[in-house]
Amino acid sequence: MAEPELARFTQRVACIGCGHATLDEVASGRFDEGAVQRFIEADPWGEHPAPFLRGQPWSFVRCRACGL
């Protein structure tokens, strides 16, 4: 069986609410570790996303201008 293609993500460089370009990272990690991995493993899926997210980073950011 072939390895699944990994997900590709777009890095957000501006706020989706106000367009301001100054974003502060609140939290980050990988999809295959910690609480995010446990959430993905526990939730029912049509096609399980874990193989597509292996080793991929995530980042949660907040806008300095509007707080979103």
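Could you state how much accessible area residue 9 has, in square angstrom rounded to the nearest 10, with a 1.4 Å probe and all protein chains kept in place?
Near enough 120 Å² of accessible area.
Could you run the Karplus curve 6.51 cos²θ - 1.76 cosθ + 1.60 with θ = phi - 60° over the stretch 34-39 and give me ³J(HN,Hα) per residue in whole Hz, x for Gly and Pro?
Ordered by residue, 3J(HN,Hα) equals x, 4, 5, 4, 4, 4 Hz.
Counting Lys and Arg as +1 and Asp and Glu as -1, what is the net charge of the other residues whose Cβ lies under 9 Å from the Cβ of residue 50? Please list the in-between numbers first.
Working: positive: 54; negative: 32, 41.
Computed value for this residue: -1.
First measure r as the distance between the Cβ atoms of residue 25 and residue 50, then evaluate 1/(1 + (r/R0)^6) with R0 = 25 Å and state the FRET efficiency to the nearest 0.05. All intermediate terms of the calculation are to be shown ahead of the outcome.
Numbers: r = 24 Å, r/R0 = 0.95.
Rounded to the nearest 0.05, the efficiency is 0.60.
Would you mind working out the accessible area per residue for the chain, using a 1.4 Å probe, and quoting it in Å²? Let's see the in-between values first.
Numbers: 5400 Å² over 68 residues.
Roughly 79 Å² per residue, with all protein chains present.
Among 33, 3, what's the order by accessible area (1.4 angstrom probe), most exposed first? Before the final figure, lay out each step's value.
Details: 33 85, 3 140 Å².
Ranking 33, 3 by accessible area, largest first, yields 3, 33.
Tell me, what % of the accessible area of the chain is carbon and sulfur with a 1.4 angstrom probe?
Values: 2940 of 5400 Å².
Carbon and sulfur atoms account for 54 percent of the accessible area of the chain.
Would you rank 61, 13 by solvent-accessible area, highest first, keeping every protein chain in place and using a 1.4 Å probe?
Working: 61 50, 13 105 Å².
Output order, biggest surface exposure first: 13, 61.
Taking H placed 1.01 Å from N in the peptide plane, check which residues at least 5 places from residue 29 or on another chain put their amide H under 5 Å from its amide H.
Those lying under 5 Å, H to H, from residue 29 are 58.
If the elastic network links every pair of Cα atoms under 10 Å, which of 34, 19, 46 fluctuates the most in the Gaussian network model of the chain?
Largest GNM mean-square fluctuation: 46.
The values are calculated or read from the model by the stated rules, or taken from the named source; none is laboratory data. Computed from a prediction, not measured in an experiment: that's the story for all the values here. All Cβ positions, glycine included, derive from the backbone under ideal geometry; neighbour counts span all protein chains shown. Each accessible area value is taken on the protein alone, full model and side chains, heavy atoms only, with ligands, DNA and RNA left out. Shrake-Rupley method; radii C 1.70, N 1.55, O 1.52, S 1.80 Å.
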